[in-house]
There are 2 protein chains.
Amino acid sequence: MTSPVGRASTTVATERAPLRSARAASVYREILGAILDHRLPPGTRLPEDEVGAVYGASRTIVRSALEALSHEGVVSIEPNRGAAVAHPTVAEARAVFEARQLIEPRVAATAAERAVEADIAMLRRQMEAEHDALHAGDHRRAIVLSGDFHNSIAAIAGQPVFASFVRELVVRSSLILSLYWRRREATCATPAHGALITALATGRSGEAARLMDEHIADLLDGLDLSERETRPVSLADMLALRR
Amino acid sequence: MTSPVGRASTTVATERAPLRSARAASVYREILGAILDHRLPPGTRLPEDEVGAVYGASRTIVRSALEALSHEGVVSIEPNRGAAVAHPTVAEARAVFEARQLIEPRVAATAAERAVEADIAMLRRQMEAEHDALHAGDHRRAIVLSGDFHNSIAAIAGQPVFASFVRELVVRSSLILSLYWRRREATCATPAHGALITALATGRSGEAARLMDEHIADLLDGLDLSERETRPVSLADMLALRR
DNA sequence: AAGCCTCGGATCGTATACAAACTGTGCTAA
DNA sequence: TTAGCACAGTTTGTATACGATCCGAGGCTT
């Protein structure tokens, strides 16, 4: 592990369409990892040369990685302006969670029907890792693992289309959380994951769906979306923030 | 309209993450259009130089367009092998329609709540255009317009995340239809679109959802997925087919 | 003093050159 | 005759050079 992101996700939610070159894929993963665990906050510029210098890659490679990230909505690219870590609006945040609330309960139900013992064991390991990270005060890692948990469930459901949707939604949620998360103490509702595992292990698809729905509703509830709604509109406020 | 695809979609389901360069976006649209209306069948190789020669673009541009297409699952890229029009398997076909069946009814319901008169008028125009194309025996155009119809509903619903998912699913469906469509006569069940418009116009969200669900089930029903299921597995069968 | 303009640095857009990889063909040897 | 191999042609992978664009700084004008 010589890379700067030594402790990136273990589940390695593999990108939907594998980048052709291994180098581009590597840069892609590094940047994604940095965004996921909030080392790169929303809005951070990602100049091609600079990124390339960091990872020892040429602009060609970096460009390919950035384009891939932009297709997933984690990076936004403006023509002639370059790439930056995406900065989801309140409306986007709502839309993402709305989509999660439709898709993930269904995915959880399917996962409950198909999960075998090894799957459950893996989920337990992930949850423990998340728990450990939380206890160690490693919030960055905890948030990444929490996302992995959702991705793993999608993987267990064995429906690749949904899995890729969930993957994208989870990644974007990470960005949203870093912008709009309200209660820093109640971190990511780990107990919800435990209950979910139980439902999955016992094959109760209906309950799994219900728990997932509640879990996501809970996450959404932890967001502070209403009051900032008008904030970015006011230029005065933005200037005040700068001074 | 000097382009070879003069009659591409009018709704122009704009790509999710706009390609940075206008040239790349143009190549992207041309290829996508050609895939959508089945001029480029699944499996067709897309060598960078060749595509570039056709559109008078350099490989850099073509590459960017192909990568974008591959992120949407319409083109598959294998490292060192290049790009080809995707060739969805039976399993993928099922997965895509399963996803549509979850997402689109919900989208239709939302659209029913939000549709204004102009929206309904647009849908009617699209349906008529589809109808005309069908009467003129222009199946290529009809299939594109049919996809546009679904995209428009998603646009009306005003939920960008769902809209982009629908867009991707619709595009992939076009590929699936060209491979697995069984009954060539009953083309795309236009009456279903008419009923849907009525439900949307009268704001009956529940009925819109139900109609959409049935419509997609109907599409799925028109696919010939079962018998080919085992075919690609057996090498002997494949060889037998060749002779 | 405020607004406008020009210029310079930084960054992106694109083409292209060269290297690496893969495919298929034809030759050679068993 | 057939298996293996070497080589040539084609296509992709990558770096880089050069031009275009954008943004901000500083000076100039009013």
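The values are calculated or read from the model by the stated rules, or taken from the named source; none is laboratory data. Every value quoted in this text rests on a predicted model; they were computed, and no experiment measured them. All Cβ positions, glycine included, derive from the backbone under ideal geometry; neighbour counts span all protein chains shown. For accessibility, only protein heavy atoms count, side chains too; no ligands or nucleic acids. Shrake-Rupley method; radii C 1.70, N 1.55, O 1.52, S 1.80 Å.
If the label for residue B:58 sits 7 angstrom from Cα along the Cα-to-Cβ line, what are its distances to the same label in every other copy, in nm to one decimal, shortest first?
Going from nearest to farthest copy, the values are 1.2 nm.
Roughly how many nanometres apart are two label points built 7 Å out from the Cα toward the Cβ at residue B:39 and residue B:202?
4.2
Determine, from the Cβ-Cβ distance of residue A:183 and residue A:124 and an R0 of 25 Å, the FRET efficiency 1/(1 + (r/R0)^6), rounded to the nearest 0.05.
Values: r = 26 Å, r/R0 = 1.04.
The pair residue A:183/residue A:124 has a calculated efficiency of 0.45.
Can you give me the accessible area per residue for segment A:76-173, using a 1.4 Å probe, in Å²? Intermediate values should be presented prior to the final figure.
Details: 3840 Å² over 98 residues.
Roughly 39 Å² per residue, with all protein chains present.
Need one number: nm distance between label points at residue A:49 and residue B:113, each 7 Å from Cα along Cα→Cβ, rounded to one decimal.
Calculated label separation equals 5.0 nm.
Going by a ≥ b ≥ c, the root eigenvalues of the Cα gyration tensor, does segment A:90-227 fall in the rounded group (a/c under 1.5), the prolate group (a/b larger than b/c) or the oblate group?
Values: a/c = 1.80, a/b = 1.27, b/c = 1.42.
Because a/c hits 1.5 or more and a/b fails to exceed b/c, segment A:90-227 counts as oblate.
Which distance in nm do the two modelled labels at residue B:217 and residue A:140 give, with both placed 7 Å along the Cα-to-Cβ direction?
In this crude label model, residue B:217 to residue A:140 measures out at 5.0 nm.
Could you tell me which residue in chain A puts its beta carbon nearest the axis mapping A onto B, with the distance rounded to whole Å?
Looking at chain A's Cβ atoms against the axis toward B, the nearest is A:71, 2.
Which percent of the accessible area of segment A:22-85 is formed by carbon and sulfur heavy atoms (probe 1.4 angstrom)? Let's see the in-between values first.
Details: 1410 of 2750 Å².
Of all accessible area on segment A:22-85, carbon and sulfur atoms account for 51 percent.
Find the sum over both chains of the accessible area lost when A and B are paired, probe 1.4 Å, and report it in Å² to the nearest 100.
Values: alone 12860 and 12900 Å², together 22810 Å².
Chains A and B together bury roughly 3000 Å² of accessible area.
Using Cα pairs closer than 8 Å and at least 6 residues apart in sequence, work out the relative contact order for segment A:22-85, in percent. Before the final figure, lay out each step's value.
Working: 68 pairs, mean separation 26.3, N = 64.
Across segment A:22-85, relative contact order equals 41 percent.
Beta carbons within 10 angstrom, averaged per residue: use that to sort the peptides B:153-163, B:215-225, highest first. Let's see the in-between values first.
Working: B:153-163: 22.4, B:215-225: 17.5.
Output ranking for B:153-163, B:215-225: B:153-163, B:215-225.
So what is the relative contact order for segment B:90-227, in percent, with contacts set as C-alpha pairs under 8 Å and at least six apart? Don't skip to the answer; put the middle values down first.
On the way: 156 pairs, mean separation 58.0, N = 138.
Once divided by the residue count of segment B:90-227, the mean separation gives 42 percent.
Could you rank the peptides A:44-57, B:85-98 by their average count of other C-beta atoms within 10 Å per residue, with the highest value first? Working shown, then result.
Numbers: A:44-57: 15.1, B:85-98: 19.2.
Answer by packing, highest mean first, reads B:85-98, A:44-57.
Only counting protein heavy atoms at a 1.4 Å probe, give the residues of segment B:16-53, ordered by number, whose accessible area falls by 40 Å² or more when the other protein chains are present relative to the chain alone.
Correct list: B:16, B:17, B:20.
Output the residues of segment A:146-162 meeting this criterion: accessible area (heavy atoms, 1.4 Å probe) in the chain alone minus accessible area with all protein chains in place is 50 Å² or greater.
A:159, A:161
Give me the percent of the accessible area of segment A:90-227 that comes from carbon and sulfur atoms, probe 1.4 Å, all protein chains in place.
Using a 1.4 Å probe with all protein chains present, segment A:90-227 comes out at 51 percent carbon and sulfur.
Just to be sure I understand the interface: list residues from segment A:54-84 that lose 20 Å² or more of accessible area between the chain on its own and the complete protein assembly, 1.4 Å probe.
At a threshold of 20 Å² (probe 1.4 Å), the residues of segment A:54-84 that become less exposed are A:63, A:64, A:67, A:70, A:71, A:77, A:79.
To the nearest 0.05, how large is the calculated FRET efficiency for residue A:87 and residue B:226 if R₀ is 60 Å and r is the Cβ-Cβ distance? Don't jump to the answer; show the numbers that get you there.
On the way: r = 47 Å, r/R0 = 0.78.
Here the calculated transfer efficiency is 0.80.
Residue by residue through A:87-99, how many Cβ atoms from other chains fall within 10 Å of the Cβ on average?
On the way: counts 0, 0, 0, 0, 3, 2, 0, 2, 7, 2, 1, 5, 8.
For peptide A:87-99, the averaged partner shielding equals 2.
I need the inter-copy label distances for residue B:81: point set 7 Å along Cα to C-beta, values in nm with one decimal, smallest first.
Spacings between copies for this position, smallest first, are 3.9 nm.
Based on the mean of other Cβ atoms within 10 Å per residue, sort peptides A:66-75, A:171-180 so the most packed one is first.
Values: A:66-75: 23.8, A:171-180: 21.1.
Top to bottom by mean Cβ count within 10 Å: A:66-75, A:171-180.
Inter-copy label distances at residue B:131, 7 Å along the Cα→beta-carbon direction, one decimal in nm, shortest first?
In nanometres, ordered from closest: 6.3.
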